[in-house]
Each structure stands twice: as C-alpha cells, then as structure tokens.
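Asker: Quick one: the structure is below, and I'll ask about it shortly.
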C-alpha cells in the first residue's frame, strides 16, 4: 500500500466554529495521509469531528466554521495544491469537488433535489466536469447506473428520487459521485440510513467499485464493523483529536488507546452468545464547548493517571507498523 | 449507586424461574394457556387502508401485521427483529393497543393470575390495564416533554392515576426510580435538555418502570444513542430485568443486540413471522433463508480470530411492498433457494420441534427441513 503515490495529505488540520456559546473546536490538530487506491476509515462518536474533517477537505464547512490551521495537500499529476488556501467559492475548488474528490452522504434524500430526475442531476455533474454533449453524458450516466447495479438503468434514469427505494437511492447517489471517476471518494455514514440487507449490498458494491476503479476511499462512520469490512487503515477520533490510527488488522487485534479498547468492548458481537459481558465506557461524550483539559478522554478513562492526563495533552506517539496513538500510557522517557 | 431494592413494591413476583425452565410444550399462542405467560398473541392483524381520491375511497390495504402469533413468558425477553416496514413496531403498538388492531386476540395475564383480553376492553378499562405495561421509545430527544422537569415526567403516572397523596411521597418515589436507573436523584428538578442522550434514555426507562409494570415494550431503545452509551443502556436493561423480574418485548433491527439480550427471537418479514424460537438455536442454525441472510449481512469487526469470516449472502432487491405482497411465499423474489412451489403456495408457520430437539422452533418455509443453512458460528475455542 505504501508503494502507491500519495494522494491527499492532511497536516495538523483545525476547524473551529464560532457561535454565541463560544468557540467550538470541532477538529483540532488532525493529521493523516491517503495514498492512491487506499481506504481510510474515520470512526468516532457524535461530536468527534469526523464529518467536519470531511467537510474541511471539500471546503464545504458551514458558514460559521473556519479552518484556522493546517494544510490539506492534494497531489495531482506531480503537483500539489493546498486546498485550505483556495477560495471556497472559487472555480478551482469547484473543479475538484465532484471531479477529483466526490462525496456520498448519509441521507440520499437530502443529497438529491426533489424536482429533477436522477438522470438530470447525474448528467449535470458529468457536463460540469467533462467536455461532452448532452446525449454522451446521458449514455455515461446510464452506464454508471448499470455499474452500481441499478435495475433497468434506461428507465430508472428518468425516475425522480422519491420514486426510488432507499437502497436504490443510495446506489443512484453513488453513481452520481462516481460519474466523473474521482481519485478520492468520501462516504459519510454511507449505510446508516439503510436496512441490514441493503447495507450488505451497498458495502459489497463500494468494495467492488473501489477495487475496479482504483480510487481512494474515506469512510466516515460510528460503526467499527463497517470500517473493518471496507478499510485498510483506521483513524479513531474523539472530541476533535485523532486519538489512534493504525492499519485495520492491527487496530482491531491490538488496540492501544483506552478509548479504542472501550469502543470495541461496548459493541455486542454477533456469535458471542447471550452470556457475553459488555464493558461499556462510563459517562458520555462531554459537550464540545466544555472540553476537558489535558487529554480529552481523561474523565472517562479507566487508565487515568492523576496530574498527568488532566494536565498535559498527550503527544502523538509513533509505534511499530504505522501505529500512532495519542496517550500518556505509551510515552517512553 | 446500584440499589437492588430501590423499588419496594416488587416483592410479590410469583415467577422467579429463569426462562429456560419454562414449560415449552405449548404451541405458540394457540394451545392451552400457560400460567407463566404474560402475553399470548393470537392471529394479530393490522391492516391500514389506502385511501384515494376526493371521497377518500379505500383502494387497497397495507398488511402491516398479518396473522402474527406469539407468547411472552414471565421474566423472559422476546425480540421482534426485522427490517424497516416488516411490522415489528406496529406489532408492539397493537399489543399495548396504542393503535387499534384490525383483528386477532391479545391475552394479557397480570401477576395475580387475572387474565385480560386486551382487544375488547373499553377505553377506561384499557387505561387501567395499561398501567401494567411500560413502553420505552427509540428517540429520547422526542419522547420526553421538554417543558416538564424530570420529577414531573417520572411522577406523571402517579399523579394522573391518583396513586400518591403527598408531594413528599412523590419525590421519594421518583428518587427511588432515578436511583434504580443509576441516576443521581438530585437531578429531579432539571429539565430534559440538561441531560445527554444516554441519561435521557435512563429517564425514559425510569418512567416506563414507574408503575411497576408486568411487561415492558422497548422499541429500538438504543438505536439513537452513541456506541459507548448503547452498551451502558443495554447492560442497564439486562440488570433491571434480573433485579425486578421484568418481561421485555424488545423491538430492534440490530441482531447483535438481539443475541445479547433476548431469550427467544421472532424474525419478521413483510408483516409475518418467518421464524420463531430460542435465540441461541436460531443464531446457530437458522431454518429460514431470510434469517440466514440477515445474520450473514451483519458487518463484523475482524479482530483477527481465525474462522470468524463467514460467507456473505447478498440478497437481491428490496423488501417487498406490504401493500402489494408477492404471491406464495412473501420472500420468494429475494430467496436464493427459491423453487416453483414458493411462487405459488404460501408456506405455513410449522413447528420443527421434532427436527431440532426439544425447543419449539417455528419456521415459515417449504424447505425448512431440507435446507442446510448457515448460522453464526461461535468464536473458535
């Protein structure tokens, strides 16, 4: 995986929201790299900043939010562009959105306009980014719908979003996102709104498409199992910090951060039977306006070290095999 | 914090037997009544009319729940599981008569042995029976009135039913209930907005348990919560069940939760029960192709344990439209094992007890006994 070229590099990104209640540090010093063709999973509970990280990459952060620090470098044809420096309404970022980087949202009903057919909306994307005629764009849209497994794409292309079932809508949205062959697809909770059997269909589809089209993938979800199915690398976030990141097979076998350990233990596992013991993390995620001092996880942490964890923010520690963790337990001095 | 004796009125519980010792000879809801069943549901139906045009003529009906029969024994957890639109929530609401069923019978047995047919009760009688039932909803952000304090929310059932005389007594009761769900009683004067999602769900649970119910319907109680909080609520529900001998009808789409919490499970598809039996035996060896597909569709975290990876079955298409149910077996358009008979003849719910040991195991499939289906293997020893 390290052989393929670097595609996107996020370095020390911080996105804050400014509101009457104060400054909300939604993303606070997050760094990660994605190589071409790689799949990265970003996991965490609500309010951990995983969606804002994705919005920052595409520069679609809501208007009261601002990227205050950091770089997001996109590498294209040997050149790098810092997305943070671009005008968020400018021509350049518009070419990248939907072209180089595409996004799939949780709720397909919200991503499509109600008053146009899906064909209309997909061809619009294609014609914005590629130089082609209306009928060529339509052919490509049909081809794309067929590729995502839409039954009778010649007919469904003229359907309105409300006429499609949840799974079909999800497929249509994936088709729209992939219609310009992006180098990176960001999927924000792609299967949270659909049923289990549909979720299996969508996950299988995304796996196939990623392999066939060789694109990189960022999956944002609270469901570690979805990440385990799809991703090569995992980054766990908590209150705007990247607390742990590692290759997927490493992090699920040998989690280091107490939060990751807790997350893995709080999910009942299929096949473990009626008698399995859950070991939930105590308390709940604090309000982001009242972020704890020191390590943000320390009030809930079973390994809490007084006078260390509540005072100093732990540094990012590099362990063997590309495993990074932000925890005082692993500081060696 | 945990106080096992927090609610004093629970001393008269007759059935302390663990659910696995319950009599099993009874046929689902149809056979001779067993004294240990809190609930016996027989042929429950709920059809919603489809109205069209200016005169609101009925042009069809949605069979949301179609001839559903099951029983819930005292002290056990029965899970209703299925995808959206399968009728699991409608079943739960019909059982409590929160909505009116179109037909069938729901027999409710109180702790003192009195049997009540819920479907024929008048409104005032129904209200007095409903105090023996509690309900927990999915979203604690919409199920609690934001204008009432916690004291008023949890105390409301006592006040409206005039069960309590003084304010002191009410506060003591509410404090007890808050302690039983592991919340600090000093919070009782706060409003719901001051609490996190998990705490709100605890308040909702305390309210459901306020009148010492025989039976609690929990409709997706953890689906709206964060992962780490889900685990807290699940273990709380399990602890409360053993402390207070609660009986749960647990409605969920999450199979891992079903396995963790329930003794028996009823798998629903398009308004019908397709499989019903003990959770461990169904999960180990399902007998209906839909159950098999559901189990294999659940994504799992690969922790590196060998042998956990299962062959995934990807079902084609979507859940059938309940207003236009396919002929024959409702599952046949998606079934990987479909035969000609499935397209024409509707299978009946049959008991496979003989084929599967001593526990009743109901399956609605023509080939239930022939198919070798794959379940969830326990992790390798």
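The values are calculated or read from the model by the stated rules, or taken from the named source; none is laboratory data. Every value quoted in this text rests on a predicted model; they were computed, and no experiment measured them. We place every Cβ from the backbone using ideal geometry, glycine too, and count neighbours over all the protein chains shown.
Asker: Limited to the stretch A:230-264, what total is found for residues that are surrounded by fewer than 21 Cβ atoms within 10 Å (Cβ to Cβ) and assigned to a strand (DSSP E or B)?
Answerer: Of the residues in the stretch A:230-264, 1 are surrounded by fewer than 21 Cβ atoms within 10 Å (Cβ to Cβ) and assigned to a strand (DSSP E or B).
Asker: Looking at the structure I just gave you, is residue B:300 free of Cβ contacts under 8 Å to residues at least 60 places away in the same chain and either away from chain A (no Cβ under 14 Å) or crowded, with 17+ Cβ neighbours inside 10 Å (or both)?
Answerer: Answer is yes for this residue.
Asker: Please verify whether residue B:100 is in a loop (DSSP other than H, G, I, E, B) and within 29 Å of residue B:317 (Cα to Cα), treating the condition exactly as stated.
Answerer: Numbers: in a loop (DSSP other than H, G, I, E, B): yes; within 29 Å of residue B:317 (Cα to Cα): no.
It is false that residue B:100 is in a loop (DSSP other than H, G, I, E, B) and within 29 Å of residue B:317 (Cα to Cα).
One line per residue, one yes/no per condition, for (1) over 29 Å from residue A:232 (Cβ atoms); (2) without any contact (Cβ under 8 Å) to a residue 24 or more places away in the chain; (3) away from chain B (no Cβ under 14 Å); (4) in contact with a strand residue (DSSP E or B) (Cβ under 9 Å, 6 or more places away or on another chain):
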{"residue": "A:282", "(1), (2), (3), (4)": "yes, yes, no, no"}
{"residue": "A:294", "(1), (2), (3), (4)": "yes, yes, yes, no"}
{"residue": "A:298", "(1), (2), (3), (4)": "yes, yes, yes, no"}
{"residue": "A:306", "(1), (2), (3), (4)": "yes, yes, yes, no"}
{"residue": "A:309", "(1), (2), (3), (4)": "yes, yes, yes, no"}
{"residue": "A:318", "(1), (2), (3), (4)": "no, yes, yes, yes"}
{"residue": "A:322", "(1), (2), (3), (4)": "no, no, yes, yes"}
{"residue": "A:327", "(1), (2), (3), (4)": "no, no, yes, yes"}
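Asker: Out of the residues in the stretch A:194-219 that are within 14 Å of chain B (Cβ to nearest Cβ) and more than 19 Å from residue B:292 (Cβ to Cβ), which is nearest to the chain's Cα centre (by Cα)? Talk me through it step by step, then tell me what you get.
Answerer: In the first step, residues of the stretch A:194-219 are kept if they are within 14 Å of chain B (Cβ to nearest Cβ); the result is A:194-208, A:219.
Next cut, more than 19 Å from residue B:292 (Cβ to Cβ) only: A:194, A:202, A:205-208, A:219.
Values: A:194: 17, A:202: 16, A:205: 17, A:206: 14, A:207: 15, A:208: 18, A:219: 4 Å.
Result: A:219.
Asker: Can you pull out the residues in the stretch A:303-320 that are surrounded by 13 or more Cβ atoms within 10 Å (Cβ to Cβ) and not in a loop (DSSP other than H, G, I, E, B)?
Answerer: A:316, A:317, A:319
Asker: Condition test on residue B:316, is it out of contact with any strand residue (DSSP E or B) (no Cβ under 8 Å at 6 or more places or on another chain), in contact (Cβ under 8 Å) with a residue 12 or more places away in the chain and more than 14 Å from chain A (Cβ to nearest Cβ)? It would help to see each step written out before you state the result.
Answerer: On the way: out of contact with any strand residue (DSSP E or B) (no Cβ under 8 Å at 6 or more places or on another chain): yes; in contact (Cβ under 8 Å) with a residue 12 or more places away in the chain: yes; more than 14 Å from chain A (Cβ to nearest Cβ): no.
So residue B:316 does not fit the description; no.
Residue by residue, here is whether (1) touching a helix residue (DSSP H, G or I) at 6+ places or on another chain (Cβ under 7 Å); (2) modelled with pLDDT of 90 or more holds:
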residue	(1), (2)
A:159	yes, yes
A:183	no, yes
A:186	yes, yes
A:191	yes, no
A:199	yes, no
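Asker: Tell me which residues, restricted to the stretch B:117-136, are farther than 12 Å from residue B:97 by Cα, in contact with a helix residue (DSSP H, G or I) (Cβ under 8 Å, 6 or more places away or on another chain) and modelled with pLDDT under 90.
Answerer: Answer for the stretch B:117-136, where residues must be farther than 12 Å from residue B:97 by Cα, in contact with a helix residue (DSSP H, G or I) (Cβ under 8 Å, 6 or more places away or on another chain) and modelled with pLDDT under 90: just B:131.
Asker: Kindly indicate the residue of the stretch A:251-264 that is touching a helix residue (DSSP H, G or I) at 6+ places or on another chain (Cβ under 7 Å) and in contact (Cβ under 8 Å) with a residue 60 or more places away in the chain and also farthest from the other protein chains (Cβ to nearest Cβ) among those meeting that condition. Walk me through it before giving the result.
Answerer: Keep residues of the stretch A:251-264 that are touching a helix residue (DSSP H, G or I) at 6+ places or on another chain (Cβ under 7 Å), which gives A:251-252, A:255-256, A:260, A:262-264.
So of that shortlist, the ones also in contact (Cβ under 8 Å) with a residue 60 or more places away in the chain come out as A:251, A:256, A:263.
Details: A:251: 10, A:256: 14, A:263: 6 Å.
Here the answer is A:256.
Residue-wise test of (1) buried (at least 21 other Cβ atoms within 10 Å of the Cβ); (2) closer than 21 Å to residue B:363 by Cα.
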site	(1), (2)
B:55	no, no
B:61	no, no
B:69	no, yes
B:75	yes, no
B:97	no, no
B:106	yes, no
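Asker: Among the residues of the stretch A:167-190, write down those that are within 14 Å of chain B (Cβ to nearest Cβ) and either more than 19 Å from residue A:203 (Cα to Cα) or surrounded by fewer than 20 Cβ atoms within 10 Å (Cβ to Cβ) (or both).
Answerer: A:189
Asker: Okay, moving on. What residue, among those in the stretch A:270-295 that are surrounded by fewer than 22 Cβ atoms within 10 Å (Cβ to Cβ) and within 24 Å of the chain's Cα centre (by Cα), is nearest to residue A:311 (Cα to Cα)?
Answerer: Filtering first and then ranking leaves A:291.
Asker: Let me ask another. Within the stretch A:265-277, identify whether any single residue is within 12 Å of chain B (Cβ to nearest Cβ), at pLDDT below 90, touching a helix residue (DSSP H, G or I) at 6+ places or on another chain (Cβ under 8 Å) and assigned to a helix (DSSP H, G or I), and answer yes or no. Full working, then the answer.
Answerer: Our first condition is that a residue be within 12 Å of chain B (Cβ to nearest Cβ); within the stretch A:265-277, this holds for A:265-277.
Of the ones still in play, those that are also at pLDDT below 90 are A:265-277.
Remaining after also requiring touching a helix residue (DSSP H, G or I) at 6+ places or on another chain (Cβ under 8 Å): A:265-274, A:276.
Imposing the further condition that a residue be assigned to a helix (DSSP H, G or I) reduces the set to A:265.
Yes - at least one qualifying residue is present in the stretch A:265-277.
Asker: Another question, if that's okay. Given the condition touching a residue at least 60 places away in the same chain (Cβ under 8 Å), out of contact with any strand residue (DSSP E or B) (no Cβ under 7 Å at 6 or more places or on another chain), assigned by TED's automatic domain parsing to the domain that holds residue B:291 and over 24 Å from residue B:346 (Cβ atoms), answer yes or no: does some residue in the stretch B:64-87 qualify? Can you show your working first?
Answerer: To start, the set of residues in the stretch B:64-87 that are touching a residue at least 60 places away in the same chain (Cβ under 8 Å) comprises B:64-70, B:72-87.
Filter once more, so that each one left must be out of contact with any strand residue (DSSP E or B) (no Cβ under 7 Å at 6 or more places or on another chain): B:75, B:83-85.
Those left that are additionally assigned by TED's automatic domain parsing to the domain that holds residue B:291: B:75, B:83-85.
Filter again for over 24 Å from residue B:346 (Cβ atoms), leaving B:75.
So far as the stretch B:64-87 goes, yes, one or more of its residues are touching a residue at least 60 places away in the same chain (Cβ under 8 Å), out of contact with any strand residue (DSSP E or B) (no Cβ under 7 Å at 6 or more places or on another chain), assigned by TED's automatic domain parsing to the domain that holds residue B:291 and over 24 Å from residue B:346 (Cβ atoms).
Asker: In the stretch A:70-87, is there at least one residue being in a loop (DSSP other than H, G, I, E, B) and buried (at least 16 other Cβ atoms within 10 Å of the Cβ)?
Answerer: Taking the stretch A:70-87 first, the residues in a loop (DSSP other than H, G, I, E, B) are A:77-78, A:86-87.
Imposing the further condition that a residue be buried (at least 16 other Cβ atoms within 10 Å of the Cβ) reduces the set to A:86.
Within the stretch A:70-87, one or more residues are in a loop (DSSP other than H, G, I, E, B) and buried (at least 16 other Cβ atoms within 10 Å of the Cβ).
Asker: Within the stretch A:1-32, can you find the residues that are surrounded by fewer than 16 Cβ atoms within 10 Å (Cβ to Cβ) and in a strand (DSSP E or B)? Before you say what the answer is, go through the steps one by one.
Answerer: Pass one, the stretch A:1-32, residues surrounded by fewer than 16 Cβ atoms within 10 Å (Cβ to Cβ): A:1-6, A:12, A:18-23.
Selection gives A:6, A:12, A:18, A:19, A:22, A:23.
Asker: Any residue that is within 27 Å of the chain's Cα centre (by Cα) and more than 30 Å from residue B:374 (Cα to Cα) - is there at least one of those in the stretch A:306-313?
Answerer: First, the residues of the stretch A:306-313 that are within 27 Å of the chain's Cα centre (by Cα): A:313.
Cutting the leftovers down to more than 30 Å from residue B:374 (Cα to Cα) gives us A:313.
Within the stretch A:306-313 (the criterion being within 27 Å of the chain's Cα centre (by Cα) and more than 30 Å from residue B:374 (Cα to Cα)), the answer is yes, since at least one residue qualifies.
Asker: Now for a different question. Is it the case that some residue within the stretch B:349-362 is closer than 18 Å to residue A:167 by Cβ, at pLDDT below 85, surrounded by 16 or more Cβ atoms within 10 Å (Cβ to Cβ) and in the same structural domain as residue B:43 (by TED's automatic domain parsing)?
Answerer: At the first step, the residues of the stretch B:349-362 found to be closer than 18 Å to residue A:167 by Cβ are none.
Checking the stretch B:349-362: not a single residue is closer than 18 Å to residue A:167 by Cβ, at pLDDT below 85, surrounded by 16 or more Cβ atoms within 10 Å (Cβ to Cβ) and in the same structural domain as residue B:43 (by TED's automatic domain parsing).
Asker: Of all residues in the stretch A:207-229, which are part of a helix (DSSP H, G or I) and within 16 Å of residue A:43 (Cβ to Cβ)?
Answerer: A:224, A:225, A:226, A:227, A:228, A:229
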